[in-house]
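The values are calculated or read from the model by the stated rules, or taken from the named source; none is laboratory data. Just so it is clear, the model here is predicted, and its values are computed rather than measured. Here Cβ is always computed from backbone atoms with ideal geometry, including for glycine, and neighbour counts include all displayed protein chains. Keep in mind that these areas ignore ligands, DNA and RNA; they rest on the heavy atoms of the full protein, side chains included. Shrake-Rupley method; radii C 1.70, N 1.55, O 1.52, S 1.80 Å.
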Amino acid sequence: MRGTALAEAAAALRDRLQHRPEALVVLGSGLGELAGMLKRPVEVLFEEVPGLPAAGVPGHAGRFLGGILEGRRVLVQAGRYHLYEGHGPDVVVAPVRIAGLLGV
């Protein structure tokens, strides 16, 4: 994903979130419980964001969560894309680029 596609994805995600996130938290193995700590969470599946595929690795939730964590507005990325799944580098890094366009 590049340029216009990233901007469209960011706009679609922004429309679903209740708050503008200050930080992105990318969950890795063993950190899934952190998502349950969010106050007022809003869930958006990866495939609900234009241009993003569903998560394909078992155990990866494949969703964004917007909410409040320890008083900060955060965007949680629960699941990731990997090159070994056959995704290109543009897809693998798209969630971080989208978060950047949201102001993170």
Exactly one of 51, 66, 56, 30 is touching a helix residue (DSSP H, G or I) at 6+ places or on another chain (Cβ under 8 Å) and over 23 Å from residue 87 (Cα atoms), and that one is 66
- Would you be able to say whether some residue in the range 3-16 is without any contact (Cβ under 8 Å) to a residue 60 or more places away in the chain, within 20 Å of residue 86 (Cβ to Cβ) and surrounded by 14 or more Cβ atoms within 10 Å (Cβ to Cβ)? yes
The residue from 71, 30, 66, 59 that alone is at pLDDT 90 or above and open to solvent by 60 Å² or more (accessible area, probe 1.4 Å) is 71
Expected single match for touching a Phe, Trp or Tyr at 6+ places or on another chain (Cβ under 7 Å) and either in contact (Cβ under 8 Å) with a residue 24 or more places away in the chain or buried (at least 17 other Cβ atoms within 10 Å of the Cβ) (or both) among 91, 49 is 91
- Query: So is residue 35 modelled with pLDDT under 90, not in a loop (DSSP other than H, G, I, E, B) and not charged (D, E, K, R) or not?
  - Reply: yes
Picking from 71, 51, the residue that is under 14 Å from residue 9 (Cβ atoms) and more than 12 Å from the chain's Cα centre (by Cα) would be 51
